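Engineer: Just dropping this structure here.
The values are calculated or read from the model by the stated rules, or taken from the named source; none is laboratory data. Values in this document were obtained by computation on a predicted structure and should not be read as measured data. Cβ coordinates were reconstructed from backbone atoms using ideal geometry, including for glycine residues, and neighbour counts include every protein chain displayed. Side chains are part of the model used for accessible areas, which takes the heavy atoms of the whole protein and leaves out ligands, DNA and RNA. Shrake-Rupley method; radii C 1.70, N 1.55, O 1.52, S 1.80 Å.
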Amino acid sequence: NAGVTQTPKFQVLKTGQSMTLQCAQDMNHEYMSWYRQDPGMGLRLIHYSVGAGITDQGEVPNGYNVSRSTTEDFPLRLLSAAPSQTSVYFCASSLLAGSTYNEQFFGPGTRLTVL
Amino acid sequence: KQEVTQIPAALSVPEGENLVLNCSFTDSAIYNLQWFRQDPGKGLTSLLLIQSSQREQTSGRLNASLDKSSGRSTLYIAASQPGDSATYLCAVSRVNRDDKIIFGKGTRLHILP
């Protein structure tokens, strides 16, 4: 199993550009989520999904869209990039939502810089 | 609202010492608590997961305990090594319809050779 994969690893955007961060998992996990990690702020939840076709907002959803058309993929779209979105983005997945055994597995991250 | 706190934010100890990292949470209605390790510039690696009905979990030199009633968890590292230097984060999965995972900000650990 490849686990949780993210592409690209690094990205530089100009203000106003749009792009999609890709996340995929091959473990047949129901639960997938996106976090951003900033110095001094820790990990903050952007969006999450408890299964195909179901998504919901986390703490910091503004400026981001998600969809979950398949169990495997959970892309994160930046609609119009802003310098405040410069961050490291992590995708995570776990087998079941709302379970005592929903161990989280993380991808390697995408480092995004918005100029 | 569930809040997760990790104190201290940073810790330096000489190699070979046993050490304890702390994690506290405000709402005891959780499914589980998970400890992660993060190396600089890398993703998060799962270390231990403690289910709500469990009191502790062990893996090698690591032992994690959970006391739901007091809202506390500890990660015990025995015979620390320079390779243990990393940031350690805890996260709780709360019992709620929104199924959110809440993270602490982590403890940055430095083991002195």
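Engineer: If you go through region B:94-110 one residue at a time, do you hit one that is open to solvent by less than 30 Å² (accessible area, probe 1.4 Å), within 11 Å of chain A (Cβ to nearest Cβ) and either more than 23 Å from A:SER49 (Cβ to Cβ) or at pLDDT 95 or above (or both)?
Structural biologist: yes
Engineer: Further question: Counting residues that are open to solvent by less than 40 Å² (accessible area, probe 1.4 Å), which strands (runs of 3 or more DSSP E) fully inside region A:2-115 reach at least 3?
Structural biologist: Values: elements: A:4-7, A:10-13, A:19-25, A:31-38, A:42-51, A:54-57, A:64-66, A:76-78, A:87-94, A:110-114.
Filter on region A:2-115 gives A:19-25, A:31-38, A:42-51, A:87-94, A:110-114.
Engineer: If A:HIS29 satisfies all but one of (1) modelled with pLDDT of 95 or more; (2) closer than 27 Å to B:THR87 by Cβ, what's the number of the condition it fails?
Structural biologist: Status for A:HIS29: all satisfied but (1).
Engineer: While we're here: Within region B:22-38, how many residues turn out to be part of a strand (DSSP E or B) and exposed (fewer than 13 other Cβ atoms within 10 Å of the Cβ)? Steps first, answer last, please.
Structural biologist: Filtering region B:22-38 for residues part of a strand (DSSP E or B) gives B:22-25, B:30-38.
So of that shortlist, the ones also exposed (fewer than 13 other Cβ atoms within 10 Å of the Cβ) come out as none.
Of the residues in region B:22-38, 0 are part of a strand (DSSP E or B) and exposed (fewer than 13 other Cβ atoms within 10 Å of the Cβ).
Engineer: Only one of A:VAL66, A:VAL114 is within 11 Å of the chain's Cα centre (by Cα) and under 15 Å from A:MET19 (Cβ atoms). Can you tell me which?
Structural biologist: Working: A:VAL114 fails: within 11 Å of the chain's Cα centre (by Cα).
One residue alone meets the criteria, A:VAL66.
Engineer: If the Cβ limit is 6 Å and pairs must be 6+ apart or interchain, which residue in region B:39-55 that is surrounded by 15 or more Cβ atoms within 10 Å (Cβ to Cβ) pairs with which residue that is of a type in the set (Gly, Ala, Ser) and outside any loop (DSSP other than H, G, I, E, B)?
Structural biologist: As it stands, the answer is B:LEU48/B:SER59; B:LEU48/B:ALA64; B:ILE50/B:ALA64, since those pairs meet every condition given.
Engineer: Looking only at region A:45-67, which residues are without any contact (Cβ under 8 Å) to a residue 24 or more places away in the chain and more than 8 Å from chain B (Cβ to nearest Cβ)?
Structural biologist: Kept after step one, since they are without any contact (Cβ under 8 Å) to a residue 24 or more places away in the chain, are these residues of region A:45-67: A:45, A:48, A:52-57, A:59, A:61-63, A:65, A:67.
Result: A:ALA52, A:GLY53, A:ILE54, A:THR55, A:GLN57, A:GLU59, A:PRO61, A:ASN62, A:GLY63, A:ASN65, A:SER67.
Engineer: Shifting gears a bit: Of the residues B:ASN18, B:ASN63, which single one is of a type outside the set (A, V, I, L, M, F, W, C), in contact with a Phe, Trp or Tyr (Cβ under 8 Å, 6 or more places away or on another chain), surrounded by fewer than 16 Cβ atoms within 10 Å (Cβ to Cβ) and away from chain A (no Cβ under 13 Å)? If you could, list the steps in order and put the result at the bottom.
Structural biologist: Details: B:ASN63 fails: surrounded by fewer than 16 Cβ atoms within 10 Å (Cβ to Cβ).
After applying the criteria, what remains is B:ASN18.
Engineer: A follow-up question, please. Could you identify the single residue in A:VAL66, A:VAL88 that is under 27 Å from B:ALA10 (Cβ atoms) and at pLDDT 95 or above?
Structural biologist: Details: A:VAL66 fails: under 27 Å from B:ALA10 (Cβ atoms).
Only one candidate passes the filter, namely A:VAL88.
Engineer: Counting just the residues of region B:6-15 that are in a strand (DSSP E or B) and touching a Lys or Arg at 6+ places or on another chain (Cβ under 8 Å), which one comes out surrounded by the fewest Cβ atoms within 10 Å (Cβ to Cβ)? I'd like the intermediate steps shown before the answer.
Structural biologist: To start, the set of residues in region B:6-15 that are in a strand (DSSP E or B) comprises B:10-14.
Those left that are additionally touching a Lys or Arg at 6+ places or on another chain (Cβ under 8 Å): B:10-11.
Working: B:ALA10: 10, B:LEU11: 15.
Here the residue is B:ALA10.
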